[in-house]
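J.: Pasting a structure here, questions to come.
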Amino acid sequence: MNGILALNKDMAMSTWLIVDDHPAIGFAVKAILAPLGDNTIISATDGISALAQIKEKQPQLVILDIMLNKMDGLQILQHLRQLENPGKVIIYTSLPAETYAERAWRAGASGFFGKDQDISQLASMCQLVLQGYHCFPDFMTEALQRVVEPEEKDKSALARLSDRELTVLRYLSEGLSNKDIADRLILSNKTISTYKSHLMEKLQLNSAEELVTFFDNHSVSEPPDEAQ
């Protein structure tokens, strides 16, 4: 997104939802959005409560982190596809755009904003998205123009993984146990073991250690998680 719009205080009043597991970040985002109009701004700190609020309140705009407990942002996007009026979603995350921006777009997001960007620019992106624009990093221009899926052989190794597989792989790289991952995703230990087996088969690797090494070698470096 290159152009910056002037704040439009005449925007129709609506409900906006901020979803982030760090209250300080949610407060900062709310402060940025408040001048955009007399909107009702609500918040959630985990995926399950966020989805419940989306179904109940039907917000016109959702600012959504990816790394959430109980259900991550990409999972929430998949659920929103089943709703009649899901509203617009901007992914707001510290995860690298090179790995996650196109996934977010394909899952139904209208924008992608990194937590390393100037937060004051988030207001302009919200206005653009509410006007029907898609706001993604410049390197995604070609992807946004594609009509058909790229052939499997042209995809990178990480791009061939499903959103859930990538999430499990990322958690493994962070040193989480099967139980820890299962608790975060509300799945059984057996299901996580199955995902690990599928990952090793798909990536032609032989152990969890090799999975971690693979992720470290193929993923763009990610910033450390924000302090709780």
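Read-outs: derived from the displayed coordinates by stated rules, not from any lab. Nothing here was measured: the structure is a model prediction, and the numbers come from that model.
J.: Can you tell me, using C-alpha contacts under 8 Å and at least 6 residues apart, the relative contact order of the range 152-218 as a whole percent?
T.: Details: 45 pairs, mean separation 24.0, N = 67.
Computed value for the range 152-218: 36 percent relative contact order.
J.: Once amide H atoms are built 1.01 Å from N in the peptide plane, which residues 5 or more positions from Ile41, or in another chain, come under 5 Å H to H?
T.: When sequence neighbours closer than 5 places are left aside, the close amide H contacts are Trp16.
J.: Something else now. Can you work out the Karplus-derived ³J(HN,Hα) for every residue in the range 103-118? Use 6.51 cos²θ - 1.76 cosθ + 1.60 with θ = phi - 60°, whole Hz, and x for glycine or proline.
T.: 3J(HN,Hα) across the range 103-118, in whole Hz: 4, 4, 4, 5, 7, x, 6, 9, x, 9, 10, x, 6, 8, 8, 5.
J.: Rounded, prolate or oblate: which fits the range 15-145 when a ≥ b ≥ c are the square roots of the eigenvalues of the alpha-carbon gyration tensor, with rounded for a/c under 1.5 and prolate only if a/b beats b/c?
T.: Working: a/c = 1.30, a/b = 1.14, b/c = 1.14.
Cα axes put the range 15-145 in the rounded bin.
J.: Also: Under a 5 Å amide H to amide H cut-off, with H placed in plane at 1.01 Å, what residues pair with Phe113 once short-range neighbours are removed?
T.: Close amide H contacts, sequence-distant or interchain: Ile91, Tyr92, Thr93.
J.: Now for a different question. So what's the projected area for the range 152-218, the Cα convex hull averaged over all directions, in nm²? Walk me through the intermediate numbers first.
T.: Details: hull surface 16.7 nm².
Dividing the Cα hull surface by four gives the mean projection, 4.2 nm².
J.: If contacts are Cα pairs under 8 angstrom and at least 6 residues apart, what is the relative contact order of the range 15-145 in percent? Don't skip to the end; give the middle numbers.
T.: Details: 208 pairs, mean separation 28.2, N = 131.
Value for the range 15-145: 22 percent.
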